[in-house]
1. When a/c is below 1.5 the answer is rounded, else prolate if a/b is larger than b/c, else oblate, so apply that to segment 93-134 with a ≥ b ≥ c taken from the square roots of the Cα gyration tensor eigenvalues.
2. Report, ordered by chain and residue number, the aspartates and glutamates lying within cross-link reach of LYS200, taken as a straight Cα distance under 20 Å and ignoring same-chain residues fewer than 8 apart.
3. Considering Cα pairs under 8 angstrom that are at least six residues apart, work out the relative contact order of segment 6-153 and quote it in whole percent.
4. Hey, got a sec? Which GluC sites (Glu not before Pro) in segment 136-222 land in a DSSP loop and have at most 10 other Cβ atoms within 10 Å?
5. May I ask which residue of VAL175, VAL165, ALA155 lies farthest towards the positive end of the charge dipole of the chain, with charges of +1 (Lys, Arg) and -1 (Asp, Glu) on Cβ and the Cα centre as origin?
6. Counting other Cβ atoms within 10 Å of each Cβ, which trypsin sites (Lys or Arg not before Pro) in segment 84-117 have at most 13 and sit in a DSSP loop?
7. Where the centroid of each part is defined by its Cα atoms, how far is segment 138-154 from segment 1-36 in Å?
8. Within segment 168-261, list the trypsin sites (Lys or Arg not before Pro) lying in a DSSP loop whose Cβ has at most 14 other Cβ atoms in a 10 Å radius.
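Rule-based calculations on the coordinates, nothing more; no lab input. Remember, predicted model here, so these are calculated numbers, not experimental data. Cβ placement follows ideal geometry from the backbone for every residue including glycine, while neighbour counts extend to all protein chains displayed.
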Amino acid sequence: MKRKPKLAVWKFASCDGCQLSLLACEDELLAVAGQIDIAYFPEASRATVKGKYDLSLVEGSITTPHDVERIQGIRRVSKHLVTIGACATAGGIQALRNFKDVGEFTRIVYARPEYISTLDKSAPISEHVKVDFELHGCPINKHQLLEVISAFMSARKPNIPSHSVCVECKLKGTVCVMAAHGAPCLGPVTRAGCGAICPKFLRGCYGCFGPMETPNTESLSTQWKVLGATDAEIQRTYRGFNACAEAFKKEGLRYDDKETD
């Protein structure tokens, strides 16, 4: 009898939302479970099967020295390693600390800061180990996740769109909130995958899925200024769920030396 491929799901610093996206697949997950052996997934079951694993899905960012050792061990027992969600691919919302003094935070928050063992920054998994594929989103799109799992189990490249949220708006017939309402929107530079939920409700995109492949963030920021956005508002917009994704990080840093009232 042919051995089923073994799947493992791991968590680091995160909110569990991306793992819940896998559980939310419901009927689809049952079909997947029939084709693979879910060998390690504490969010769903206490039962565990030792590696090596054919595919590891990793949620969360690296924030402590222990995390570094642990992710390196996971990489060693994983044939393929896929990061899922903004925390794992860009450091997550907790990466906002990367722009400040972490030592100051611990001194203010904790009575005995010397007991806190943490890295100076929250980093994506790819800064510490080789990653075979990154699935973006906060949280991820469950249908995209199923496509990634199917692709790796079938030894093919995942078919995940790389275009912007603007394309999703066009496909759904959603009127552009920037053109029609003058609302600043990250849609032109953000990767598709959310279904353009925010523009549907006349709200500019938050950038939950991170930067698309070739984002022109500087041009977009210039347009926002035409709409009346201040430097501080522009910087705050880029410093959200994917603040340390390279394109968003670079654009946010352009405003560090400017007045941010």
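1. Prolate, because a/c is 1.5 or more and a/b exceeds b/c.
2. GLU168
3. Computed value for segment 6-153: 29 percent relative contact order.
4. The qualifying sites are GLU213.
5. ALA155
6. LYS100
7. Here the answer is 10 Å between Cα centres.
8. Here the trypsin sites (Lys or Arg not before Pro) that fit, given the DSSP loop and packing criteria, are ARG203, LYS258.
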